[in-house]
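Structure, as structure tokens:
The values are calculated or read from the model by the stated rules, or taken from the named source; none is laboratory data. Source: prediction; values computed, not measured. Cβ atoms come from the backbone with ideal geometry, glycine included; neighbour counts cover every protein chain shown.
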Amino acid sequence: MQKQSVAGDMAVPHAPEQGQRVRQVVILGGGTAGWMTAAALSGTFRNALRITLLESEEIGTVGVGEATIPTIHWFNDLVGLDEAAFLRATKATFKLGIEFVDWAAPGSRYFHPFGSYGVTLPGVPFHHRWLKAQADGLNIPLTDLSLAARLAAEGRFAKPEGGRQSILSTLGYAYHFDAALYGRHLRNIAESAGVVRVEGKLRDVHRDSETGFVTALSTERGERLAGDLFVDCSGFRALLIDGVMGAGFEDWSHWLPCDRAVAVPSARAAATTPFTRSTALGAGWQWRIPLQHRTGNGYVYASRYLSDDEAAATLLGRLDGEALGEPRLLRFKAGARRRPWKGNVIAIGLSSGFLEPLESTSIHLIQSGIAKLLALFPDRDCDPALADRFNRLFMADMDTIKDFLILHYHATSGRPEPLWSHCRDMTLPDSLALREEHYRRSGRLMLDADELFREASWLAVLNGQGIRAKGYNPVADVLDPATNRAQVEQVAQVIARAAPTLPLHEDALARAMDAAR
């Protein structure tokens, strides 16, 4: 039993004096990152912080419509979003995963589902049971073992519920929504909690001559915004973390060479689909994100292989509805800042780095930074140990997502275009090469506890891109072959029977929006 400390037994640390606490936070930039940060900080600290956000209506945001992953539920719960009101306010739809078309090779198609494959059974993870059953002659594709994939294919939707005995418990879901409307919804929440928005552009940054800390921002209209802690949500410009603090940038474009995108909304198709679609093209890939009122479309491409005009023309020629505007051009570079927290400046969102939206991780990386900031929130001295911890954790998140994206580009066949030839032949990060080799040899997925993408995600993409496991966990040999095959087959049958009983996506969405109206 642990000994209870008493006076004189050991030195008792003093709580920080109240004067040492951060009292004023200044956020530079609005958009999704700025208003997510403002809503999270104001909802968590309430009156203990005075939060000011500086943004200009003259400066556009990058958001063109967002697809998310299931971690979005953590953030929405944190700021107290009501799902029905959120769905209505942001024109959102449900998302069960991502369909990848023509990625492994022209004519190929696979689905990355949210949730899990199979069910939880005693012994080895379910996918080792599936691998053993395959070795013993059972011919059931991986996608037949995912209820989310089956529902997506049939245009249906259901939320996870029940215990492990329910096939519905294997589901996961996220959302598609209008990023501008999401930011506006969060702005309303943040301002009602006391966040002060200042309209204007940054003119000067004031710093302490001894510590190098930022002390205030000045606007072009002469307003001075003083603070103890500054959050840089200025997007790719990274005005504070790079322009002032010189945090630097690590370029990953040799692995992820796409550096531009053209985006355009189109008229809504007949029925909204509960998934994002990503289609590989000659110099990159096209996204399709269905919303209630329109469809978001974009072509992510490598400018060394395709001109901007060619990219726009290609995208416009592939829409499944009338274009609702002119194509918008975005420029970016894949990479990250190894020190997104430096001094008393913390970068959140695009100012901390960028990974293309192939796996819908942009919103996740914003909330990843917010979660780490809340967990490591400093006093006014901004203890460097907290910054170091934040930087290590955030970069671990970026590094593993980077590897996951590279896998899509590298594991392809049958595409002769220069981009795809480059990606097939490039040297992989050691971490990804080792992971691929482990899976090929033994069917094992070597994941760390804190990684974003779990077993189902890696299974979907590895198998979808044509990487096959030659073996499986030897513990699976304890299972009787006939019994194991029957159990795997039974799971596929349960999924096939359950799917038609669940509602169409449009009906499920309408019911969800009507809840507690």
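Contact map, region 124-137: residues that are surrounded by fewer than 19 Cβ atoms within 10 Å (Cβ to Cβ) paired with residues that are in a helix (DSSP H, G or I) and modelled with pLDDT of 95 or more, Cβ distance under 7 Å, separation 6+ or inter-chain. Pairs shown: 136/481; 136/485.
Quick one: which of 428, 405 is of a type in the set (A, V, I, L, M, F, W, C), closer than 25 Å to residue 333 by Cα, in contact (Cβ under 8 Å) with a residue 12 or more places away in the chain and buried (at least 19 other Cβ atoms within 10 Å of the Cβ)? On inspection, the qualifying residue turns out to be 405.
Put simply, of 337, 304 the only residue that is buried (at least 23 other Cβ atoms within 10 Å of the Cβ) and modelled with pLDDT of 95 or more is 337.
Residue-by-condition table, conditions (1) within 27 Å of residue 456 (Cα to Cα); (2) modelled with pLDDT of 95 or more; (3) out of contact with any helix residue (DSSP H, G or I) (no Cβ under 7 Å at 6 or more places or on another chain):
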{"residue": "371", "(1), (2), (3)": "yes, yes, yes"}
{"residue": "377", "(1), (2), (3)": "no, yes, yes"}
{"residue": "380", "(1), (2), (3)": "no, yes, no"}
{"residue": "386", "(1), (2), (3)": "no, yes, yes"}
{"residue": "394", "(1), (2), (3)": "yes, yes, no"}
{"residue": "397", "(1), (2), (3)": "yes, yes, no"}
{"residue": "407", "(1), (2), (3)": "yes, yes, no"}
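Is at least one residue of region 377-391 assigned to a loop (DSSP other than H, G, I, E, B), within 24 Å of the chain's Cα centre (by Cα) and either touching a residue at least 60 places away in the same chain (Cβ under 8 Å) or not assigned by TED's automatic domain parsing to the domain that holds residue 28 (or both)? The answer is yes, given that some residue of region 377-391 is assigned to a loop (DSSP other than H, G, I, E, B), within 24 Å of the chain's Cα centre (by Cα) and either touching a residue at least 60 places away in the same chain (Cβ under 8 Å) or not assigned by TED's automatic domain parsing to the domain that holds residue 28 (or both).
Please work out if residue 343 is in the same structural domain as residue 183 (by TED's automatic domain parsing) and of a type in the set (Gly, Ala, Ser). Considered against the rule, which asks whether it is in the same structural domain as residue 183 (by TED's automatic domain parsing) and of a type in the set (Gly, Ala, Ser), residue 343 comes out as yes.
Residue by residue through region 138-168, note down the ones that are small (Gly, Ala, Ser), part of a loop (DSSP other than H, G, I, E, B) and under 21 Å from residue 276 (Cα atoms).
Taking region 138-168 and keeping what is small (Gly, Ala, Ser), we get 146, 148-149, 152-153, 155, 158, 162-163, 166.
Still in the running and part of a loop (DSSP other than H, G, I, E, B): 146, 155, 158, 162-163, 166.
Residues satisfying the conditions are 146, 155, 158.
Are any of the residues in region 69-82 buried (at least 21 other Cβ atoms within 10 Å of the Cβ), in contact with a strand residue (DSSP E or B) (Cβ under 8 Å, 6 or more places away or on another chain), not assigned by TED's automatic domain parsing to the domain that holds residue 294 and not aliphatic (A, V, I, L, M)? No, that holds for no residue. With respect to residue 56, determine if the residue is out of contact with any helix residue (DSSP H, G or I) (no Cβ under 6 Å at 6 or more places or on another chain), under 24 Å from residue 28 (Cβ atoms) and polar (S, T, N, Q). When the stated conditions are applied, residue 56 passes them. The residues in region 214-243 that are more than 19 Å from residue 369 (Cα to Cα) and buried (at least 21 other Cβ atoms within 10 Å of the Cβ) can be counted, and the count is 4.
Could you go through region 497-505 and let me know if any residue there is on the phi > 0 side of the Ramachandran plot, in a loop (DSSP other than H, G, I, E, B), of a type in the set (A, V, I, L, M) and in contact (Cβ under 8 Å) with a residue 24 or more places away in the chain.
no
For region 138-173, filtering for residues that are of a type in the set (Gly, Ala, Ser), surrounded by fewer than 18 Cβ atoms within 10 Å (Cβ to Cβ) and at pLDDT 95 or above leaves 3.
When the strands (runs of 3 or more DSSP E) confined to region 195-295 are screened for residues that are in contact (Cβ under 8 Å) with a residue 24 or more places away in the chain, touching a helix residue (DSSP H, G or I) at 6+ places or on another chain (Cβ under 8 Å) and within 30 Å of residue 155 (Cβ to Cβ), those reaching at least 2 such residues are found at 260-267, 276-281, 284-290.
Does residue 363 fit the bill of being in contact (Cβ under 8 Å) with a residue 60 or more places away in the chain, within 21 Å of residue 237 (Cβ to Cβ) and in a helix (DSSP H, G or I)? Criteria met by residue 363. Filter region 436-452 down to the residues that are part of a helix (DSSP H, G or I) and without any contact (Cβ under 8 Å) to a residue 12 or more places away in the chain, then identify the one that is surrounded by the fewest Cβ atoms within 10 Å (Cβ to Cβ). Only one residue tops the list, namely 437. Any chance region 453-471 includes a residue that's in a loop (DSSP other than H, G, I, E, B), buried (at least 17 other Cβ atoms within 10 Å of the Cβ) and not hydrophobic (A, V, I, L, M, F, W, C)? The answer is yes, given that some residue of region 453-471 is in a loop (DSSP other than H, G, I, E, B), buried (at least 17 other Cβ atoms within 10 Å of the Cβ) and not hydrophobic (A, V, I, L, M, F, W, C).
Just one of (1) modelled with pLDDT under 95; (2) within 28 Å of the chain's Cα centre (by Cα) fails for residue 414. It is (2). Number of residues in region 78-136 that are of a type outside the set (Phe, Trp, Tyr) and not in a loop (DSSP other than H, G, I, E, B): the value is 26. If you go through region 117-164 and keep only what is on the phi > 0 side of the Ramachandran plot and either among the acidic types (Asp, Glu) or in contact with a strand residue (DSSP E or B) (Cβ under 8 Å, 6 or more places away or on another chain) (or both), you end up with just 155.
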